[in-house]
1. Quick one: which residue in ALA427, ALA390, ALA410 is of a type in the set (Gly, Ala, Ser), part of a helix (DSSP H, G or I) and surrounded by 21 or more Cβ atoms within 10 Å (Cβ to Cβ)?
2. Can you name the number of the only condition in (1) open to solvent by 10 Å² or more (accessible area, probe 1.4 Å); (2) among the charged types (D, E, K, R); (3) in contact with a helix residue (DSSP H, G or I) (Cβ under 7 Å, 6 or more places away or on another chain) that ARG147 fails?
3. What are the residues in segment 185-209 that are open to solvent by 40 Å² or more (accessible area, probe 1.4 Å) and not hydrophobic (A, V, I, L, M, F, W, C), if any?
4. Condition first: surrounded by 22 or more Cβ atoms within 10 Å (Cβ to Cβ) and either of a type outside the set (Val, Ile, Thr) or not in a helix (DSSP H, G or I) (or both). Now tell me which residues in segment 50-63 satisfy that.
5. Could you list, ordered by first residue, the pairs with Cβ atoms under 6 Å in which the first is in segment 321-338 and farther than 18 Å from ASP150 by Cα and in contact (Cβ under 8 Å) with a residue 12 or more places away in the chain and the second is part of a helix (DSSP H, G or I) and of a type in the set (Gly, Ala, Ser), at least 6 apart or interchain?
6. In the set GLY212, GLY182, which member is on the phi > 0 side of the Ramachandran plot and surrounded by fewer than 19 Cβ atoms within 10 Å (Cβ to Cβ)?
7. Output the helices (runs of 4 or more DSSP H) that fall wholly within segment 256-318 and possess 2 or more residues being buried (at least 20 other Cβ atoms within 10 Å of the Cβ), or say none.
Amino acid sequence: MEDRDNHAGAARSSRALTFWGLLALVMGNLIGSGIYLLPATLAPLGTNATLGWVVTIAGAMTLSFVFARLAAAIPRAGGPYAYADAAFGPVIGFATAWSYWTLVWAGNGAVAVAVVSALSLAFPALAPHAAIAAVALVWLAVLVNIRGVDLAVRLQMATMLIKLVPLAAVVLLAAWLLLTRGGGAVAHDVAVPLTVTGTAGAAALTFWGFLGVESATVPADRVADARRTVPRATLIGTAAVGVIYLIVSSAITALMPRAAVAASPAPIAAFLGLGFGSGVAQVVALFAAISALGTLNGFVLLQGEVPRAMAQGNVFPRWFARETAQGTPARAHVVAGLLVTAVTLANFTRGMGDLFAFVASVSLAAGMLAYLVSALAAVKLLRDDPVARAMGVIAAVFVGWLSYGLGAEANGWALVLLLAGVPVYLAVRRGGASAR
């Protein structure tokens, strides 16, 4: 009876991911907290920041092209895991999947903190309880995803539409200021020299905004016509977000004094205040919270799908493959939720900004292996596609450069998290995959 329910639930959930739902998953996962926080961090870099965005967008598009071609060739669930397993076998497949899963669930702690950070501007009482509030939001997203993939996708589509509102407002205000004031609207700051170091530093920061380019590939077995739909959603979603990021960040950089942007805890709100008054800050903070909440919802969906695919591939305990009547991997969601809770609460003494930066950098470092192996998998598997193989080489170099830029602390913690997977793999090899 349970198997029949699982099968029926999986069949229902597979129809939940249309092209538009998948596009919302990609764009919703990419547009989160980064675009609201990065302008202030990047302001001191001047024109290097804009060039950094260009470099990162190019790197992200290279990765998205690699994932799109791999998805067309291998329309299997698991995304990076599926490609690593096909190219290099189960050992590398497990290491890649563990790396990616760590990236997802650990990163969800940072995204949840970003939601609380935005909400605390409107509700200051939340700030002292950032870690606890973040954990509560993670479990809310877990419950939504356990309830059903279709519900999670509907929430993703709704938050996707909402989060575009303040970004569209930035573009419209910038256009209005330029049309009405001309060159007088441009901030005349002292030029910051363009340097390789400055551009590299900006690119390393901005890649957080593109984490999730592979999102559409992970639930591929829940998508109709995955060979066509997944690549389209991946490429279109990444390109659209890249254009949005570049226009919004360039508008703020060009039309606001650099010192004002750098000093602002909410640079988008500060920019919109030029046209709509200072009272817009709390409204924008709520939009930012909804934006990050949508990203959290999308990545929580992935944190359940990855171990499900691993278990179905016999490199993770079969216990994680069990689904509810709604076709959702509830056990995987609960375990991942507990891991996010542990990481977030273990660092509750850090300030909100420090907590976000720490968890984000560690999760990103942990996931670099998944991106690197995926790029190399394209080189090995797509032998009849010289363009995809060339893109794979470029993507591998780009990922290696980013990993180096994350620093020793982040990579050290990432190594610890990755080594934690060794006992799991050994247990599965000894017969743990048969555990129910």
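1. Working: ALA427 fails: surrounded by 21 or more Cβ atoms within 10 Å (Cβ to Cβ); ALA390 fails: surrounded by 21 or more Cβ atoms within 10 Å (Cβ to Cβ).
Answer to the check: ALA410.
2. Status for ARG147: all satisfied but (3).
3. Matches in segment 185-209: HIS188, ASP189, PRO193, THR195, THR197.
4. GLY52, TRP53, GLY59, ALA60, LEU63 - these are the residues of segment 50-63 that are surrounded by 22 or more Cβ atoms within 10 Å (Cβ to Cβ) and either of a type outside the set (Val, Ile, Thr) or not in a helix (DSSP H, G or I) (or both).
5. ALA321/ALA311
6. Step by step, each of GLY212, GLY182 is checked, and only GLY182 is on the phi > 0 side of the Ramachandran plot and surrounded by fewer than 19 Cβ atoms within 10 Å (Cβ to Cβ).
7. Working: elements: 258-263, 267-276, 280-312.
Hits in segment 256-318: 267-276, 280-312.
Matching residues to (1) under 18 Å from LEU302 (Cβ atoms); (2) in contact (Cβ under 8 Å) with a residue 12 or more places away in the chain; (3) open to solvent by less than 10 Å² (accessible area, probe 1.4 Å):
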site: VAL135; (1), (2), (3): no, yes, no
site: VAL138; (1), (2), (3): yes, yes, yes
site: VAL165; (1), (2), (3): no, yes, no
site: LEU172; (1), (2), (3): no, no, no
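The values are calculated or read from the model by the stated rules, or taken from the named source; none is laboratory data. This structure is a prediction, so every number in the text was calculated from the model and none was measured. Every residue, glycine among them, receives a Cβ derived from its backbone with ideal geometry; neighbour counts consider all protein chains shown. Just so you know, the surface numbers come from the protein's heavy atoms only, side chains and all, with ligands and any DNA or RNA stripped out. Shrake-Rupley method; radii C 1.70, N 1.55, O 1.52, S 1.80 Å.
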